[in-house]
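Everything below concerns the one structure shown next.
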C-alpha cells in the first residue's frame, strides 16, 4: 500500500463530497488504491459464491446414496448462499454514500447489478478479498453485542489505565489528547471519547476506514443491520447454524450517542502522519505495534509525539505482520527485546503484564479456538519533575477541573528536557484547539 | 500425492534393503515422490537459513542506534542459526538409514555436504518445506516429555474407550486387531500395542513415515536426540529462549520397550489400502477424518473393514484439509451432518461428546495459543445379536481371557447380517494370523 503523507482528514464528522473530491484529485495513486478496496468490497459476493459453488459442484458429482445423506448439508449450502447475498447487500449500504471515494463511473443506484463484478476486478487479489471478509468480522468485534467479551478483554485494560492516569477528578478531560494508532473500526477511540477525552484515531486500511465511516456516520439507529461474519468458515462447525449465525450492528449508535469528547479518525500511515513532537497526552495502541517493519520506528514515533509526562498504553501480542510476507522487511524482537528498546528510547515502564487472555475476531462457536496471551504495558515519557509530580499526586485528590496541572507547573519552573520548550507550546496550542471543538460537527448542537 | 494401491509394508520391524528396493523398482512414481520428500528434508537447513538471513540483512541495514538496541536480538538470531544447524544434523540422522528409499546417487557418508542443497531442489515447494518443519513439531508431540499433555488430551480418551470395550479381563488382547489410520509419528499405535492389542498404523505422508521409522526402529536409547521444534516461529515470543527451546526425543525408546502386541506401520492411502471387509475389531482415528475429500468415503470404509460388533473410536476437530486447497474437491459436513451420515452408513453411535480440549503441536510458550474443541465418539458396527450381547455383558465381569466371545456366539447362532458370513471367516483367519505373530520381528525374542 502506498503511504499518504500527511493527508489526514476527519471521518467523523464526515468529510463533505467536495473536500473528498479535492483529496482524491490531489492523490491519484491514493484514488486508485481506494478504488481497489471498493472493487474488492463489490466483488465480495461473487468471490464468496465461487468458493461455495466448488462445494456444491462436488456435492452434485457424488453418488445418489451420498447425496441423500447430505440432503440437509445441501440445504445448508443454500442457506450459506443467502447469507452471502445479505452480506453483499450490507456492503452495498456501506458503499452507498461513497463520499470518501467518488469515482465518476460509479455513481448512481447502489443496488444496481453493475455494482458487482462477475469477473475478478482489476488489481484485486486474494489478500484483498480476505480483507473484505475480515472487515465483516471486525465489524462484529467492534460494534455488536457478540463482540462485547472481546472488547472487554482488549479495550478495558487500556481504558482503565488511562482513566487511572488521567483521572476525571484531576483533569479537564477534553484537554487530554489521546491518539489511537491502528484504530480499525473505531470502537476503542469512540469509548475513550465518550469518557470525555479528546480522541483521534489513525487508520491506514481503507477497508477499515470505509467500514468505520459507515458505522460512525451513517448508521442511524441501533442494530439496524445484520451480518453473517462466520459464513466463510466452512470447517470446524458443530452445527449448520453456526456457520450462518447472524450478528446485528451497531450495538451502540454513535450518531445517537455522540461522545462527550472530541472524536475524529485520521487516514494515513502512522509514521508518515505523526511527526509533530509533544502533541499527545496519551497514545493507546491495541493490536497495533506488530504492524511495523521495524517496531523501533513505531516506538520512537510514539515517544516523540507524546508530551513529557504523557503515557503510552499498549495491549496485544507480537504477531509481526510482515514476518513472512515476501518482499517485506521485518525484524521480530521478543518482549524481552522490546523492554530494552522502550527504555533505550527513553520510556519509563510503569506497568507491564504478560498473559492477558484476548481473543481477536473469533467465531465463538468454532471447534478451533485461538487466543493471544497478550502483553500489556503503560510507559511514561519522563519529565524532569518526577519527584514534585509524585508529591502533587499525593495532594491531588480533591481537586476539580484542574487544567493540565503538570504542564502549568512545568512552565512555571521553566525546566524542560531537550526539545521540550517547542513541544510544550505545541501541546498548549493543540489543547486550545481542542477546547474550541469538543462537539462532533455532524451532530446538531 | 499418488496413491500406493495395496503396497503396504511393515516399517516395524523395518523393511530390509532388498525388499525396499523391490518396492521402489515397482513403483517409479512412488520413488520420485519419496525422493522429493527426502530432498525437502535435505533442503530444510538452507531454506530455514534463507528466512533467517532476511531478518539479519534487514537488521544490518538499520541505523547504528537501532542496532545497538537490537544487540541481544542479533545474538539471538545467531542462536537461531545454531538451532537450525542442529535440527539439520538430526534430519541427517533420520535420513541416514535410508532403507525406505534407496537412491543410487545418494548413498555414502550422510554427513557430507552434498547431502544438502544450496539451490531449491527440483519439485520441492513451500508446502513441502512447511511439512518438513511440521515433522519436527510432530516428533515433539508424539515422542517428547513436552508432548505428554497433548498426548493425554488426544490419545487417552481413545485408549480408555478401547480398553473399556475390549477389556483385558474379557479378551485375549493380541487377537483384537486395531487399525490406526493417519498414524503419523506412531505414538497412539505404539501405546495401544503396548497394552497388548494387535496394532496396525496406516500413514500416507512420507514425511511422517520416514520420521516414525527413525523413532521406532533406529533410536537406540531414550532422549538420544535434541530438536528445536519452535525455532521457525519468529512471532509471539515473550523471551528469546522460547524460540530456541530444546526438546529431547524419544521420551520412550520403542527399541528398548517393544510392545506386547503386534505392531506395524503400513504406508499408503487409506481408501486404496483398506478394502477387505470385516478385518478389524477396532478402528481408531485421531485428527484424521477431516483429511478426506469426501468424509463419507472414510466413514464407509471404516464401517466395511470393521467386524460386526467392532468399534470405531474417533477424536478430533473438523478442519477439513482440502477445504480451501485449489484443485481439490471438498465437502465440509458439520458434526450434525456426520451424525446423519454415520447412522445412515449403519453405525450405532454409542458415545458422542463435543468440546474435548485438545492442543495440536502447540508451542507452549507462544503468545498465541490455539486449541480444538474436539469431537469424540465411539460408534459400533452392529451385529444382529445386540440383545443377547447386552445380557452377556451383564454376566461377563469375572471371565478371564475370553477369546472373541461375540464371534463365537454369532457363529453358534448362524444369524448374520449381509456380508457377514464372509466377514466372519475373514476375521477368524486374521485372528489366527495375528496369533502366530504377536512379537515384533525386529526384536530378539
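Looking at the structure I just gave you, is residue A:365 surrounded by fewer than 20 Cβ atoms within 10 Å (Cβ to Cβ) and either under 30 Å from residue A:229 (Cβ atoms) or without any contact (Cβ under 8 Å) to a residue 24 or more places away in the chain (or both)? Criteria met by residue A:365. Of the residues making up the range A:27-50, those that are within 21 Å of residue A:83 (Cα to Cα) and touching a helix residue (DSSP H, G or I) at 6+ places or on another chain (Cβ under 9 Å) number 12. Restricting the range A:168-183 to residues that are under 25 Å from the mean Cα position of the chain (by Cα) and surrounded by fewer than 24 Cβ atoms within 10 Å (Cβ to Cβ) leaves a set whose member that is nearest to residue A:299 (Cα to Cα) is A:182.
For the range A:374-389, the set of residues classified as at pLDDT 95 or above and either more than 10 Å from every other protein chain (Cβ to nearest Cβ) or within 15 Å of residue A:151 (Cα to Cα) (or both) consists of A:374, A:376, A:377, A:378, A:379, A:380, A:381, A:382, listed by residue number.
Just to be sure, is residue B:294 in contact with a helix residue (DSSP H, G or I) (Cβ under 8 Å, 6 or more places away or on another chain), more than 8 Å from chain A (Cβ to nearest Cβ) and buried (at least 17 other Cβ atoms within 10 Å of the Cβ)?
In short, no.
Scanning the range A:368-386 for residues that are farther than 25 Å from residue B:69 by Cβ and free of Cβ contacts under 8 Å to residues at least 24 places away in the same chain gives A:369, A:370, A:371. Within the bounds of the range A:320-331, is there any residue that is in a loop (DSSP other than H, G, I, E, B), within 12 Å of another protein chain (Cβ to nearest Cβ), farther than 21 Å from residue B:56 by Cβ and touching a residue at least 24 places away in the same chain (Cβ under 8 Å)? No, the conditions are met nowhere in the range A:320-331.
Criterion first (more than 8 Å from chain B (Cβ to nearest Cβ), touching a helix residue (DSSP H, G or I) at 6+ places or on another chain (Cβ under 8 Å), modelled with pLDDT of 95 or more and on the phi > 0 side of the Ramachandran plot) does residue A:316 satisfy it? So residue A:316 fits the description; yes. Only one of the listed residues (A:282, A:219) is closer than 28 Å to residue A:350 by Cβ and buried (at least 18 other Cβ atoms within 10 Å of the Cβ). That residue is A:282.
Are any residues in the range A:339-357 within 10 Å of chain B (Cβ to nearest Cβ) and in contact with a strand residue (DSSP E or B) (Cβ under 8 Å, 6 or more places away or on another chain), and if so, which ones? Let's see the steps before the verdict.
Taking the range A:339-357 as the starting set, the residues that turn out to be within 10 Å of chain B (Cβ to nearest Cβ) are A:340-345, A:354-357.
Hits for the range A:339-357 are A:342, A:343, A:354, A:355, A:356, A:357.
Of the residues contained in the range B:126-141, none is found to be assigned to a loop (DSSP other than H, G, I, E, B) and modelled with pLDDT of 85 or more. Taking the range B:129-154 as the range and being surrounded by fewer than 21 Cβ atoms within 10 Å (Cβ to Cβ) and closer than 17 Å to residue B:377 by Cβ as the test, only B:153 passes. Scanning the range B:151-166 for any residue that is modelled with pLDDT of 95 or more, in a loop (DSSP other than H, G, I, E, B) and touching a helix residue (DSSP H, G or I) at 6+ places or on another chain (Cβ under 8 Å) turns up at least one such residue. Identify, by number, the condition in (1) in a strand (DSSP E or B); (2) in contact with a strand residue (DSSP E or B) (Cβ under 8 Å, 6 or more places away or on another chain); (3) away from chain B (no Cβ under 12 Å) that residue A:308 doesn't meet. The one condition residue A:308 does not meet is (2).
The values are calculated or read from the model by the stated rules, or taken from the named source; none is laboratory data. These figures come from a predicted structure and were not determined experimentally. When we count neighbours, we look across all protein chains shown, and the Cβ atoms used for this are built from the backbone with ideal geometry, even at glycine.
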